[in-house]
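Here's the structure, in structure tokens; my notes come after.
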Amino acid sequence: MKKLFFVAAGVWSVTVLLSAQAPPAGKTVWNGVYTDAQAERARQTFESICTQCHTVAPGSATRGGPVSGEKFWAAFTQKSVGDLLSYVSKNMPNGNGGSLSPSTYNDLVAFILRANGFPAGAVEVTPDAVAGVQIIPRDGPGELPANVLARVVGCLKKDGSDWVLENATAPERIERTGPGPNDATKALGTKSYTLKFVLTRLDPYIGQRMSASGMLLGAGGAEGINVTTVSRVAETCP
């Protein structure tokens, strides 16, 4: 497999690096994965410690921003609650991650879930209980937000001055750029993505299967992909 690697101009940095976990289909945040009592236990901790950087709801300007709303979805949509718990445990309070007890971190994640309007249930947040619980909108995974690091696989073509991946897969949220282990054989889709800021010559690879990683421009990559890496994963396509 021949790989092409380049750094795109103006690539934005990723501020939240989480494990690129692919939770099994099934349980989501809409199934009730925390209890009201657990979320309430975290209220005092949040108000005494977390409000130095965060607010519960959007509206007030704070260093860390709100723990709910658009910023939450941009950071965690199509991740798992286990990813959320891991991030909070390792990074909060800011500059002093891991300083709280494991049970307190569990409760804080319950508090965050409630702040985002997800329903309570009968089981409390614990690492094992939420490892595979998907964070997705109520009506399904939907599109990934803009400015999310993602990977797509498709057939390379030239459209005027633009490079395009057609018959492409839906964007897959990733932690690190580069091709995935199954990119050469995975089923392709019906989407098309314009590859922006391509800094290398791709003419020899027209009509071949390529894997591209980068930041999504517009929700779901509607305005293209700010490409970081592009790799040939198969000589024929589809």
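Observations, loosely collected:
- With respect to (1) in a helix (DSSP H, G or I); (2) among the charged types (D, E, K, R); (3) assigned by TED's automatic domain parsing to the domain that holds Val227, the lone exception for Lys158 is condition (1).
- Every residue from the stretch 80-110 that is surrounded by fewer than 23 Cβ atoms within 10 Å (Cβ to Cβ) and touching a Lys or Arg at 6+ places or on another chain (Cβ under 7 Å): Gly97, Gly98
- Taking the listed residues Ala74, Ala131, the one that is touching a Gly at 6+ places or on another chain (Cβ under 7 Å) and surrounded by fewer than 20 Cβ atoms within 10 Å (Cβ to Cβ) is Ala131, with no other qualifying.
- The set of residues from the stretch 134-176 being over 14 Å from the mean Cα position of the chain (by Cα) and among the aliphatic types (A, V, I, L, M) comprises Val153, Leu156, Val164, Leu165, Ala168.
- The number of residues in the stretch 142-167 that are in contact with a helix residue (DSSP H, G or I) (Cβ under 9 Å, 6 or more places away or on another chain), over 13 Å from Ala222 (Cβ atoms) and not basic (Lys, Arg) comes to 1.
- Here is the figure for the stretch 180-197: residues that are within 13 Å of Val153 (Cα to Cα) and part of a loop (DSSP other than H, G, I, E, B) total 11.
- Residues satisfying the stated conditions in the stretch 198-215, i.e. part of a loop (DSSP other than H, G, I, E, B) and either at pLDDT 95 or above or in the same structural domain as Gln78 (by TED's automatic domain parsing) (or both): Leu202, Ile206, Gly207, Gln208
- Residues that are more than 26 Å from Ala146 (Cβ to Cβ) and touching a Ser or Thr at 6+ places or on another chain (Cβ under 8 Å) number at least 3 in the following helices (runs of 4 or more DSSP H) confined to the stretch 39-125: 102-115.
- When the criteria are applied in full, Thr177 fails the requirement of being assigned to a loop (DSSP other than H, G, I, E, B), hydroxyl-bearing (Ser, Thr, Tyr), surrounded by fewer than 17 Cβ atoms within 10 Å (Cβ to Cβ) and not assigned by TED's automatic domain parsing to the domain that holds Phe111.
- Exclusive hit being in contact with a Phe, Trp or Tyr (Cβ under 8 Å, 6 or more places away or on another chain), within 28 Å of Val81 (Cα to Cα) and modelled with pLDDT of 95 or more, set Gly180, Gly221: Gly221
The values are calculated or read from the model by the stated rules, or taken from the named source; none is laboratory data. Every value quoted in this text rests on a predicted model; they were computed, and no experiment measured them. Counting neighbours? That spans all protein chains shown, and the Cβs are built from the backbone with ideal geometry, glycine included.
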